[in-house]
Amino acid sequence: MQDRYTYEYAVIRIVPKVEREEFFNVGVILFSKRKKFIGIKYHINAEKLKAFAAESELETLNNYLKAWQLICEGEPLGGKIGKMELSDRFRWLAACRSTIIQSSKTHSGLCYNPEKTLEDLFKSYVS
């Protein structure tokens, strides 16, 4: 069991009309402290978005999620948040918010490979 690592993850959701609280999953963010890993994988299904809210702009939402990715990667374009420690970045991204892009409560688990686990979670919750 020593070769397994703890991780935390949150599911990323699009909530096109926040007042209705309806959402669909578009991605996953995963953090493993021991592996010093934070990663995000997302894809917005344009047909689902159109069914939920035809007026929502796919490009704008993708740009917001790209900003989340820059924060995960610690890129300079990620701003001050992108310069924070990995755990702080994850906590900021997974924080409760009442905007069009939200994340679930965080969940935890054990894995051998955080990158593969991120892919598996994405397939399970989004694909």
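Exposure proxy for Leu61, Leu93: other Cβ atoms within 10 Å of each Cβ, ordered fewest to most, give Leu61, Leu93.
Each Lys or Arg adds one and each Asp or Glu takes one away; over the other residues whose Cβ falls under 14 Å from the Cβ of Ser87, this sums to +4. Of all aspartates and glutamates in the structure, the ones whose alpha carbon falls short of 16 Å from that of Lys48, not counting any fewer than 8 places away in one chain, are Glu21, Glu22, Glu57, Glu59.
Å³ per residue of the Cα convex hull, for region 68-127? Don't skip to the answer; put the middle values down first.
On the way: hull volume 6.8 nm³, N = 60.
Given the Cα convex hull of region 68-127, per-residue volume reads 113 Å³.
Considering Cα pairs under 8 angstrom that are at least six residues apart, work out the relative contact order of the chain and quote it in whole percent. RCO, the chain: 36 percent.
How much of the calculated P(r) for region 1-41 lies past 15 Å, in percent of all Cα pairs?
Pairs farther apart than 15 Å: 53 percent.
Give me the net charge for the shell around Phe24: Cβ to Cβ below 14 angstrom, other residues only, Lys and Arg +1, Asp and Glu -1. Present the calculation step by step, with values, prior to reporting the outcome.
Values: positive: Arg13, Lys17, Arg20, Lys48, Lys50; negative: Glu21, Glu22, Glu47.
Taking every other residue near Phe24 into account, the sum is +2.
State the percent of C-alpha pairs, over all pairs in the chain, separated by a distance greater than 26 angstrom.
Numbers: 1640 of 8001 pairs.
I get 20 percent for the Cα pairs in the chain exceeding 26 Å.
Other residues whose C-beta falls under 13 angstrom from the C-beta of Leu121 contribute a net charge of -1, scoring Lys and Arg +1 and Asp and Glu -1. Straight-line reach from Lys33: taking Cα to Cα under 22 Å and skipping same-chain neighbours fewer than 8 places apart, the lysines in range are Lys41, Lys80, Lys83, Lys105, Lys116. Every helix of 4 or more DSSP H residues in the chain counts as -39500 (n - 2.57), and over all residues that averages to -10500 deg cm²/dmol at 222 nm. 3J(HN,Hα) along region 7-17: 8, 10, 8, 9, 8, 8, 10, 9, 10, x, 10 Hz, from the Karplus curve 6.51 cos²θ - 1.76 cosθ + 1.60 with θ = phi - 60°, whole Hz, x for Gly and Pro. Which of the aspartates and glutamates could a cross-linker span from Lys66 if the Cα-Cα distance has to be under 14 Å and same-chain partners fewer than 8 positions apart are dropped? Once the sequence-local aspartates and glutamates are set aside, what remains near Lys66 is Glu75.
Remark: spin-label model distance Leu86-Thr6 equals 1.4 nm, labels positioned 7 Å along the Cα→Cβ axis.
Every read-out reported here was derived from the displayed coordinates using simple, explicitly stated rules and does not represent laboratory data. Only a predicted model underlies this, so the values are computations on that prediction, with no experimental measurement involved. Using ideal geometry, Cβ is built from the backbone for each residue, glycine included, and neighbour counts are taken over all protein chains shown.
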